[in-house]
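Since the structure comes first, as structure tokens, the remarks are kept for the end.
The values are calculated or read from the model by the stated rules, or taken from the named source; none is laboratory data. Note that the structure is a prediction, hence the values are computed from the model and not measured. Backbone-built Cβ (ideal geometry, glycine too); neighbour counts: all protein chains shown. These area figures cover heavy atoms from the full protein model, side chains too; ligands, DNA and RNA do not enter into them. Shrake-Rupley method; radii C 1.70, N 1.55, O 1.52, S 1.80 Å.
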Amino acid sequence: MRELRSMLSDAVATAAVAEVPLADELAAVEKYARVQQLRFGDRLQLEWDIADDVLGAATPHFLLQPLVENGIKYSVEALSGTHTVRVAAVRESGELVVRVTDDGIGPASRTAHAERGFGRGLANARERLAYLYGTAHALTLHAATDGPGTIVEVRVPFRATDRGARYTVVHLRRGRDRMTTSTTEPASGKPFLVLSDVHLGAVPPATERAFLAFLTYAAETAAGLLLNGDIFDVWYAPRQFVPRRYVRALALLAEVIEGGLPVYFVAGNRDVASWGGRILEDDIGLRVLDDPARLRMGTRSALVAHGDGVRGRTASPYRKPAAMLRHPAVIWAARHLLPTNWFFGTLLENSGTRIWVARHARGESTGPKARASSIEAWARRELAADATLDLVICGHSHFPALVDVGGGRFYANAGDWVGHHSYLVIPDGQAAPEVRRWPSREFFDWSALDSGMDVSMGTESTAGPSSSRTVITGDLGAP
């Protein structure tokens, strides 16, 4: 119902608008897709392949929704099993080209064209295109080239809108690009801030107070904030309640979000976002991302991941661990059968984070984790494989890192707040990212890192604001 109300509100507010930025049109389609996924569940899969340079392109309003609806109608609705509808958009020879592909009933004949509804829905789209662009457009329908199904292709003259493209999030799941568009305004000189691995609930009260102060600072100075996993040491909340240990943090998060700061959240290996349903999204206002996710930070394109999906130094695909606590049966039992206080208390009291906190209190090393070098190797491979990426941002390693791979492209790790209290600053524009320390806000002093670090992890460092720190040595693994 929430998505349906939002769709109707958008339709009323923009009813008289002929063209909108493609990013806004995609946002409307994504809301429609969510409603359809309530109907079809996992049988409906959507894939998105949207070039960054077309997000601000002028697009006929309400053009994509009937095309996607057509794809759903003649795949998921008409056939059994799981089906995929794919939306792609690129700029080609001065034109905006949008393609909607399904794997359903293919147009093998003129009769098939008619059966697919090449009358009302697509005919209305053709009439609108002719009205807006005269003969300078094309709408074609033909068989998919890589299997069963149909491709509907629209070509219109490329023209940038007056408004810049808004921040865009591209979700990556099972090797497929999935995209939703957020509604933050274009960056205006303020930086993006990133932190991870705060582990609220397991760290001392002083760390929680520092985190609250950081949120206030971010609300005043940042264009956006990314919370990149394990902000909560254990995230478990029934549908109607939240843990008392997180009340102050959640309340302040809601406040700064209502004040206009976009806050993105990636679930780590400790704070599984699904435990509390949509509390974090609907009640707090966090923009919960898949892991990994592609996030537009001002002029930069970033791949963000907590890091626990990295599997060794080899070129294995990123995959979140299939932990028992993520199993649907366990989640159902926790919500319906297990005493809430006992279950949450048991998870928190048996958290391994307490070992790290105790080590820090004794002055012992608190990082990096054994997987730190594998995370960096994975990030370097992603940057090498995708020239459109400017940044790969991770957490999980409990060790800050900033690695310049050349061409103004970086791997960055925000570190943790168990021992380092570090965070990332992603400046607007092309200036290099920075690793800073809270609450001093000074550049991170690499020489002050734990002297007990395993020397096999590497100890490269330089001085100054552009410090570059790597935790990897030797072969990076297969590209």
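Might you check whether a residue that is under 13 Å from ASP102 (Cβ atoms) and open to solvent by 10 Å² or more (accessible area, probe 1.4 Å) occurs anywhere in region 24-37?
So far as region 24-37 goes, yes, one or more of its residues are under 13 Å from ASP102 (Cβ atoms) and open to solvent by 10 Å² or more (accessible area, probe 1.4 Å).
Considering only region 199-247, state which residues are of a type in the set (Val, Ile, Thr) and either open to solvent by 50 Å² or more (accessible area, probe 1.4 Å) or at pLDDT below 90 (or both). It would help to see each step written out before you state the result.
So in region 199-247, the residues of a type in the set (Val, Ile, Thr) come out as 203, 207, 216, 221, 231, 234, 242, 247.
If the condition is that a residue be of a type in the set (Val, Ile, Thr) and either open to solvent by 50 Å² or more (accessible area, probe 1.4 Å) or at pLDDT below 90 (or both), then VAL203, THR207, THR216, ILE231, VAL234, VAL242, VAL247 are the ones that fit.
Quick one: which residue in GLY395, GLY408 is open to solvent by less than 10 Å² (accessible area, probe 1.4 Å) and either at pLDDT 55 or above or more than 21 Å from PRO191 (Cα to Cα) (or both)?
Numbers: GLY408 fails: open to solvent by less than 10 Å² (accessible area, probe 1.4 Å).
That would be GLY395, the only listed residue that is open to solvent by less than 10 Å² (accessible area, probe 1.4 Å) and either at pLDDT 55 or above or more than 21 Å from PRO191 (Cα to Cα) (or both).
Please determine, by comparing only the residues of region 298-316 that are at pLDDT 85 or above, over 11 Å from the mean Cα position of the chain (by Cα) and not basic (Lys, Arg), which one is nearest to PHE214 (Cα to Cα). Before you say what the answer is, go through the steps one by one.
The first filter runs over region 298-316 and keeps only residues at pLDDT 85 or above, leaving 300-307.
Keeping just the survivors that are over 11 Å from the mean Cα position of the chain (by Cα) gives 300-301, 307.
Add one more test, that the residue is not basic (Lys, Arg), and what stays is 301, 307.
Values: SER301: 24, GLY307: 23 Å.
Restricting to residues being at pLDDT 85 or above, over 11 Å from the mean Cα position of the chain (by Cα) and not basic (Lys, Arg), the top hit is GLY307.
Could you run through region 30-60 and say how many residues are modelled with pLDDT of 85 or more, under 21 Å from PHE158 (Cβ atoms) and in contact with a Ser or Thr (Cβ under 9 Å, 6 or more places away or on another chain)?
Within region 30-60, residues that are modelled with pLDDT of 85 or more, under 21 Å from PHE158 (Cβ atoms) and in contact with a Ser or Thr (Cβ under 9 Å, 6 or more places away or on another chain) number 8.
Which one is farthest from ILE50 (Cα to Cα), of the residues in region 379-408 that are of a type outside the set (Val, Ile, Thr), in a strand (DSSP E or B) and out of contact with any helix residue (DSSP H, G or I) (no Cβ under 8 Å at 6 or more places or on another chain)? Quick ask: steps written out before the conclusion?
Looking only at region 379-408, we keep the residues that are of a type outside the set (Val, Ile, Thr), and these are 379-387, 389-391, 394-402, 404, 406-408.
If we keep only those that are in a strand (DSSP E or B) too, we end up with 391, 394, 400-402, 404, 406.
Now drop any that are not out of contact with any helix residue (DSSP H, G or I) (no Cβ under 8 Å at 6 or more places or on another chain), which leaves 391, 400, 402, 404, 406.
Values: LEU391: 18, PRO400: 31, LEU402: 28, ASP404: 27, GLY406: 25 Å.
Once the filter is applied, the top-ranked residue is PRO400.
Within region 143-153, restricting attention to residues that are within 15 Å of SER75 (Cα to Cα) and in contact with a strand residue (DSSP E or B) (Cβ under 8 Å, 6 or more places away or on another chain), which residue is surrounded by the fewest Cβ atoms within 10 Å (Cβ to Cβ)? Let's see the steps before the verdict.
Filtering region 143-153 down to residues within 15 Å of SER75 (Cα to Cα) leaves 143-144, 147-152.
Retained after the next criterion (residues that are in contact with a strand residue (DSSP E or B) (Cβ under 8 Å, 6 or more places away or on another chain)): 143-144, 149-152.
Working: ALA143: 13, ALA144: 16, GLY149: 22, THR150: 25, ILE151: 20, VAL152: 24.
Here the residue is ALA143.
Considering only region 76-87, I want to know if a residue exists there that is of a type in the set (A, V, I, L, M) and at pLDDT 90 or above.
From region 76-87, those of a type in the set (A, V, I, L, M) are 76, 78-79, 85, 87; that's our starting set.
Pick out the ones that are also at pLDDT 90 or above and you get 85, 87.
So far as region 76-87 goes, yes, one or more of its residues are of a type in the set (A, V, I, L, M) and at pLDDT 90 or above.
Residue by residue through region 126-153, note down the ones that are within 21 Å of PRO107 (Cβ to Cβ) and among the charged types (D, E, K, R). Spell out how you get there, then give the answer.
As a first pass, look at region 126-153 and keep what is within 21 Å of PRO107 (Cβ to Cβ): 126-127, 129, 137-153.
If the condition is that a residue be within 21 Å of PRO107 (Cβ to Cβ) and among the charged types (D, E, K, R), then ARG126, GLU127, ASP146, GLU153 are the ones that fit.
Yes/no matrix, rows are residues, columns are (1) at pLDDT 85 or above; (2) within 23 Å of LEU79 (Cβ to Cβ); (3) in a strand (DSSP E or B):
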position: VAL98; (1), (2), (3): yes, no, yes
position: THR101; (1), (2), (3): yes, yes, yes
position: THR111; (1), (2), (3): no, yes, no
position: ALA114; (1), (2), (3): no, yes, no
position: ASN124; (1), (2), (3): no, no, no
position: ARG128; (1), (2), (3): no, no, no
position: ALA136; (1), (2), (3): yes, no, no
position: ARG155; (1), (2), (3): yes, no, yes
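For region 49-61, does any single residue satisfy the condition of being open to solvent by less than 20 Å² (accessible area, probe 1.4 Å), hydroxyl-bearing (Ser, Thr, Tyr), touching a residue at least 40 places away in the same chain (Cβ under 8 Å) and under 25 Å from ARG294 (Cβ atoms)?
Yes: one or more hits.
Can you find a residue in region 258-279 that is at pLDDT 90 or above, open to solvent by 20 Å² or more (accessible area, probe 1.4 Å) and under 19 Å from SER301 (Cα atoms)?
The answer is no, given that none of the residues of region 258-279 is at pLDDT 90 or above, open to solvent by 20 Å² or more (accessible area, probe 1.4 Å) and under 19 Å from SER301 (Cα atoms).
State all residues of region 425-437 that are touching a residue at least 24 places away in the same chain (Cβ under 8 Å) and touching a strand residue (DSSP E or B) at 6+ places or on another chain (Cβ under 6 Å); if no residue qualifies, say none.
Filtering region 425-437 down to residues touching a residue at least 24 places away in the same chain (Cβ under 8 Å) leaves 425-430, 432-435.
Matches in region 425-437: VAL425, ILE426, PRO433, GLU434, VAL435.
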